[in-house]
């Protein structure tokens, strides 16, 4: 049977949505379910479920668990550079996505299998956890720049006006998957254990791979440039200019944003442990609280697209760099609000800690941190509902929901805008590579958060305290984001870029010298 020939460039006469978009969005929805479902329970698993071969607890400390969490997230956003090079120089986007997805599935399989070790007394969980996370980081990272760039490849001159709308739906699908998995996998972990909580995301990743393969004949397959052509275009005048323009944005300013934002899965999960999680008629698991972000994204995208941005347009031109700067301010405010919550927790925790410690009936000195007492209570056999009766006087988790609301507004104006900006500001055969540079900024942000927690672990005193305990931790990152925003505003005045879109020609510059703050377009 003759191999079907694929389109290698979009039809310039096509004015409707490309046929391959539903397959890409379906793949993204299932893949994001798998990634965020696993990631949602990672902190709780490491601090409450990790065991050795004998079935004994081998939990990680809060600081060490945060280090593992941000190391994994950093790796997952470092590998996009490798995936981008494979896609742009060697394999093309479709082949890169398909092959690396198989490695992704293997990583999920290892996480699902690690629960067998303690059950049969044959292995520790930790080596399987490390190996599975590395494979998932390679898989999730390797395909990441290719999928978003593959979306853009489906559009030509005739339907380029639909690109922003599709990128919004693309981000919408990410958050449908994230919302569903963030609610479900914590329940599976609590009720059935790691094998099912990690196994279901693995099944969804297999489905994501299958959906993408089924859509192969509907895609525009932009061929790889070849290594020599890739180097030539990467270091061409347009390529060098794109890297020079975008590297400071993604690797410095946006990196600090991600250092803060990704702590919703680490620091905010731990903060939720010390809060009253009976809210809206639900006793929330602490890892379930993360569902607030994708739900707010789902509602926030159309609100910002059709209401907030048009309202901004009545007062100033809401160009990409302006949106990003406003998003930075919201991010700093969100962590400042978390600092206030932490101060509130500190004022309430003394009596609660004493009452809970007395109920447990443990001998010895009472730990200084409420989270440590809650962990001891859980290990002693107290249920989540019983523990919540002691936390009834603590601040309501609804206040953290409000912090999520502020942070999500920042995310919409930073992350979504950067996805489109990375695509439109890069030459044709550099689009995956530039997406990789954007995701490298996410990695650097997580390495920053990881580095801070490594230093704090080393600086612990005999009582286990650090210079950034409690609210100080949140004030530190909020101040860092504000300082970064000031420098960003100054940098914006120097920005000049080119805007590119896929077309029949190798490079179709549709607007040159897009300028930043104080000029005509941002």
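The selection criterion, being surrounded by fewer than 24 Cβ atoms within 10 Å (Cβ to Cβ), in contact with a strand residue (DSSP E or B) (Cβ under 9 Å, 6 or more places away or on another chain) and modelled with pLDDT under 95, holds for residue 58. Here is the figure for the range 128-168: residues that are within 16 Å of residue 435 (Cα to Cα) and under 20 Å from the mean Cα position of the chain (by Cα) total 15. Kindly indicate whether any position in the range 488-498 is at pLDDT 95 or above, closer than 18 Å to residue 265 by Cα and surrounded by fewer than 24 Cβ atoms within 10 Å (Cβ to Cβ). No, there is no match, as no residue in the range 488-498 is at pLDDT 95 or above, closer than 18 Å to residue 265 by Cα and surrounded by fewer than 24 Cβ atoms within 10 Å (Cβ to Cβ). Those helices (runs of 4 or more DSSP H) of the range 67-162 in which 3 or more residues are in contact with a strand residue (DSSP E or B) (Cβ under 8 Å, 6 or more places away or on another chain) and surrounded by fewer than 20 Cβ atoms within 10 Å (Cβ to Cβ) are absent. The residues on offer are 231, 240, 244, and the sole one that is more than 26 Å from residue 138 (Cβ to Cβ), modelled with pLDDT under 85 and surrounded by fewer than 19 Cβ atoms within 10 Å (Cβ to Cβ) is 240. Annotation note: of 353, 338, 349, the sole residue that is modelled with pLDDT of 90 or more and part of a helix (DSSP H, G or I) is 338.
Total residues in the range 380-394 satisfying the condition of being in a helix (DSSP H, G or I), in contact (Cβ under 8 Å) with a residue 12 or more places away in the chain and touching a helix residue (DSSP H, G or I) at 6+ places or on another chain (Cβ under 9 Å): the figure is 3. If the condition is being touching a helix residue (DSSP H, G or I) at 6+ places or on another chain (Cβ under 9 Å) and either surrounded by fewer than 21 Cβ atoms within 10 Å (Cβ to Cβ) or part of a helix (DSSP H, G or I) (or both), then the range 211-222 contributes 211, 212, 213, 214, 215, 216, 218, 221. Note down all Cβ pairs under 8 Å where the first residue falls in the range 284-306 and is under 16 Å from residue 38 (Cα atoms), the second is modelled with pLDDT of 90 or more and outside any helix (DSSP H, G or I), and they're at least six residues apart or on different chains. Listed pairs, sorted by first residue: 285/277; 286/277; 287/41; 289/277; 289/397. Kindly evaluate residue 252 against the criterion of being out of contact with any helix residue (DSSP H, G or I) (no Cβ under 7 Å at 6 or more places or on another chain) and closer than 30 Å to residue 396 by Cα. Judged against the criteria, residue 252 is not a match.
Let me confirm something: among 282, 324, which residue is out of contact with any strand residue (DSSP E or B) (no Cβ under 7 Å at 6 or more places or on another chain) and more than 19 Å from residue 410 (Cβ to Cβ)? On inspection, the qualifying residue turns out to be 282. Per the conditions (1) closer than 30 Å to residue 458 by Cα; (2) more than 26 Å from the chain's Cα centre (by Cα); (3) surrounded by 22 or more Cβ atoms within 10 Å (Cβ to Cβ), the sole criterion not satisfied by residue 51 is (3).
The values are calculated or read from the model by the stated rules, or taken from the named source; none is laboratory data. Owing to the predicted nature of the structure, the values given are computational and were not obtained by experimental measurement. Here Cβ is always computed from backbone atoms with ideal geometry, including for glycine, and neighbour counts include all displayed protein chains.
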